[in-house]
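Quick notes on the structure that follows.
The values are calculated or read from the model by the stated rules, or taken from the named source; none is laboratory data. If you're wondering where the values come from, they're calculated on a predicted model, not measured in any experiment. Every residue, glycine as well, gets a Cβ built from its backbone with ideal geometry; the counts of neighbours run over all protein chains shown. The area values use the complete protein model at the heavy-atom level, side chains included, leaving out ligands, DNA and RNA. Shrake-Rupley method; radii C 1.70, N 1.55, O 1.52, S 1.80 Å.
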Amino acid sequence: MHPILGDRRALRLYLMAWLPIVALLAALLRLAGWPDWPRALAFAVPLLAADAFLCLAAWYPCRALPLAEGVPRALIAHLVTAALVGFAITAGGAALARLPVLELKNRAGAGLTPSQAGLLAAVGMLLYLLSVAVHYLLAAVASAREAEKRALEAEVTARQAQLETLKAQVNPHFLFNSLNSIAALAGSEPATARSVCVELAGFLRGTLGVGGRGWHPVSEELELARRYLHVEQARLGERLRVEEEIDAAVGGDSMPPLLLLPLVENAIKHGVAQRLDGGTVRLIAKRRGDALVLGVDSPLADDGPAKGGPGVGLANIRRRLRAELGDGASLSTAAKDGVYRARIVLGPRDRHSDRWEEQ
Amino acid sequence: MSTQADPTPLEVIIVDDEEPARRLLREYLNELGSVRIVAECANGFEAVRAVQEHDPDVLLLDIQMPKLDGFEVLELIEREVAVVFVTAFDEHALRAFEVHAVDYLLKPFSAERLAQALEHAQARVAEGSPPAPQELADAARPDCGPLERLLVRDGAEVHVIPTRDVDYIEADDDAVVIHTSGRRHRKLQRLAELEGRLDPERFVRVHRSYLLNVDRLRKLELYAKDSRLAILADGTHIPVSRAGYARLRERM
């Protein structure tokens, strides 16, 4: 249905716009030999009221035939429709003119003269074509507005993604704990202290670097995760055990940066660190069909305090996935047999390979 | 430094789940002299046990630990001890510390800063006025919603009771008795104070001395003018006062 029919105010305005047209037609009819004004109006009002609704029908062909998809085709279609509308108006006018109430008498008896019929046909066609033009104009305005809105939304989403990346880069708790581990090791195990320093520096350089660069290779993300775990190893000692299940072939694939890292952080914070005897963190990167699967397995916390939970980090990852890949990516989590599994699936590989080349 | 002039060494317990953190504290404390480390604990359970056993002057207490966190350890200690919190970064806890003028060390810290904190703690011990551990825990703990579990110490053993398992809680002088499916756990805590930390949707003060888990309520019986009895799912009878009845009706 035409949108104007659902909006009373718009419909009223539209019908009011037809009043001058009614006056114009009545005047033309007077010139074409109509006996007086009342009869001219009595003829013009019902005829044009019907035409007002016929012209709204232009909405359907205008929607079906956007000008962008071929002007000649649309033009021919609209001219044919306009001719039909002109004919319908003429036929309607002829029927009206024969009504005894109007008492229209020509030399040929009741009905329209050929010049009057020609006038009605021309008016019907022209009004219809005018309506087509107006519909195209309104559609153009609406699509421009829509495009503007979409551009704004895209910008907001991109900003959001940038912000989430920034937030993922800096985790003060990790930083201070690591510095404390280094301070502790400096006395008794200076060599270990040095290696933790090097890994921490590499980790910070890596995470601070990814911000402005867009997507990066999976191998770099895994390297960051390993450095992170190495630093945490110094703090947690034997409580942290690390395993890897990595398909070497995915190293060259690209991915939005710092997606895997929050999962590794959660695995430590809500898993290993919550258990007296710690547990195993398993890094996973492999291909499944066309998709790339990245994930982390970690031990479930003991019956310990479930404060906060991993919800915030996961929500951030989901938002970023949506911003970067729309429906082409997902994050799922499951807890079973004492293991918490988190998986990110980045859909069809060629799509993100393209993205990588764009950068 | 005054600690070095002190003839009797300060007895200290270190509580931190991270080995390097304990090592650093140990090194710093050994350099200070006049301090004796009586125990090192890697988790909250050990800490509760060690405090009962050694009755130390000062507790150097990490906050984030598995199973029992630092605040929960304090809740279970019923002895006078000066507490110094040791933590890496926790905005909420820091704000609480500032507000309540609690001693704390931010990791990583210097040996001088540790000495300062110990001196301060020692002064409080000398004055005989370290705040009671439970009060300290309540004051410094960031507000993180109603309790989901209750902690009860039985000698050196710690019981963890999920609040959904509690039938009702009864006041007993300055302690409470927690009833869970036929078992009773006594804990030094005021009923009103505990009531304030439990989920008000689940626990209703039906009587001056009773806090009832409304999920357990089967029916109410009129007992005398203005007083009723709550009959629980397991048949237990609990008195309900007039005010308690009003609170129950409001809740139902």
Residues that are among the small types (G, A, S), within 12 Å of chain A (Cβ to nearest Cβ) and buried (at least 22 other Cβ atoms within 10 Å of the Cβ): does the stretch B:92-103 have at least one? no
If I go through the stretch B:65-86 residue by residue, how many of them are in contact with a Phe, Trp or Tyr (Cβ under 9 Å, 6 or more places away or on another chain) and not hydrophobic (A, V, I, L, M, F, W, C)? 2
List the number of the failed condition for A:Y136; all other conditions in (1) in contact with a Leu (Cβ under 7 Å, 6 or more places away or on another chain); (2) open to solvent by 60 Å² or more (accessible area, probe 1.4 Å) hold. (2)
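I need the full set of residues from the stretch B:97-112 which are of a type in the set (V, I, T) and at pLDDT below 75, in order please. Talk me through it step by step, then tell me what you get.
Of the residues in the stretch B:97-112, the ones of a type in the set (V, I, T) are B:99, B:102.
Selection gives B:V99 alone.
Kindly establish whether B:A50 is at pLDDT 90 or above, under 22 Å from A:R275 (Cα atoms) and within 13 Å of chain A (Cβ to nearest Cβ). Let's see the steps before the verdict.
On the way: at pLDDT 90 or above: yes; under 22 Å from A:R275 (Cα atoms): yes; within 13 Å of chain A (Cβ to nearest Cβ): no.
No; evaluated as a whole, the condition is false for this residue.
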Single match in A:S298, A:S330 (criterion: of a type in the set (S, T, N, Q), open to solvent by less than 30 Å² (accessible area, probe 1.4 Å) and either at pLDDT 90 or above or out of contact with any helix residue (DSSP H, G or I) (no Cβ under 8 Å at 6 or more places or on another chain) (or both)): A:S298
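Of these, A:L224, A:L229, which one is under 23 Å from A:I246 (Cβ atoms), crowded, with 16+ Cβ neighbours inside 10 Å, in contact with a helix residue (DSSP H, G or I) (Cβ under 7 Å, 6 or more places away or on another chain) and at pLDDT below 95? Before the answer, list the steps.
Working: A:L229 fails: at pLDDT below 95.
The conditions single out A:L224.
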Scan of the stretch B:17-42 for residues that are closer than 18 Å to B:F109 by Cβ and more than 11 Å from chain A (Cβ to nearest Cβ), ordered by number: B:L29, B:L32, B:V35, B:I37, B:E40
Out of (1) within 11 Å of chain A (Cβ to nearest Cβ); (2) more than 20 Å from the chain's Cα centre (by Cα), the one B:F45 does not meet is (2)
Return the pairs, sorted by first residue and then second, in which the second residue is open to solvent by 80 Å² or more (accessible area, probe 1.4 Å), the first residue lies in the stretch A:49-76 and is outside any helix (DSSP H, G or I), the beta carbons are less than 7 Å apart, and the residues are 6+ apart or on different chains. A:L65/A:R73
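Among A:L56, A:L75, A:L65, which is the only one that is out of contact with any Pro (no Cβ under 9 Å at 6 or more places or on another chain) and within 26 Å of A:L19 (Cβ to Cβ)?
On inspection, the qualifying residue turns out to be A:L56.
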If I go through the stretch A:241-259 residue by residue, how many of them are in a helix (DSSP H, G or I) and surrounded by 17 or more Cβ atoms within 10 Å (Cβ to Cβ)? 1
Single residue of A:V156, A:V123, A:V134 found to be of a type outside the set (S, T, Y), modelled with pLDDT of 80 or more and under 20 Å from the mean Cα position of the chain (by Cα): A:V156
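Tell me which residues, restricted to the stretch A:195-221, are within 14 Å of chain B (Cβ to nearest Cβ) and surrounded by fewer than 21 Cβ atoms within 10 Å (Cβ to Cβ).
Quick first cut of the stretch A:195-221, residues within 14 Å of chain B (Cβ to nearest Cβ) only: A:195-197, A:200.
The answer is A:S195, A:C197.
Scan B:P66, B:P56, B:P20 and give me the residue that is surrounded by 18 or more Cβ atoms within 10 Å (Cβ to Cβ), free of Cβ contacts under 8 Å to residues at least 24 places away in the same chain and assigned by TED's automatic domain parsing to the domain that holds B:D103.
Details: B:P66 fails: free of Cβ contacts under 8 Å to residues at least 24 places away in the same chain; B:P56 fails: free of Cβ contacts under 8 Å to residues at least 24 places away in the same chain.
Checking each option against the conditions leaves just B:P20.
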Specify which of the listed residues (A:I284, A:I268) is modelled with pLDDT of 95 or more and touching an Asp or Glu at 6+ places or on another chain (Cβ under 8 Å). A:I284
Among the residues of the stretch A:181-192, the number that are more than 7 Å from every other protein chain (Cβ to nearest Cβ), in contact (Cβ under 8 Å) with a residue 24 or more places away in the chain and closer than 17 Å to B:A111 by Cβ is 1
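Looking at A:W59, A:W34, which is the one that is surrounded by 13 or more Cβ atoms within 10 Å (Cβ to Cβ) and more than 28 Å from A:L75 (Cα to Cα)? Before you say what the answer is, go through the steps one by one.
Values: A:W59 fails: more than 28 Å from A:L75 (Cα to Cα).
Matching residue, one of A:W59, A:W34: A:W34.
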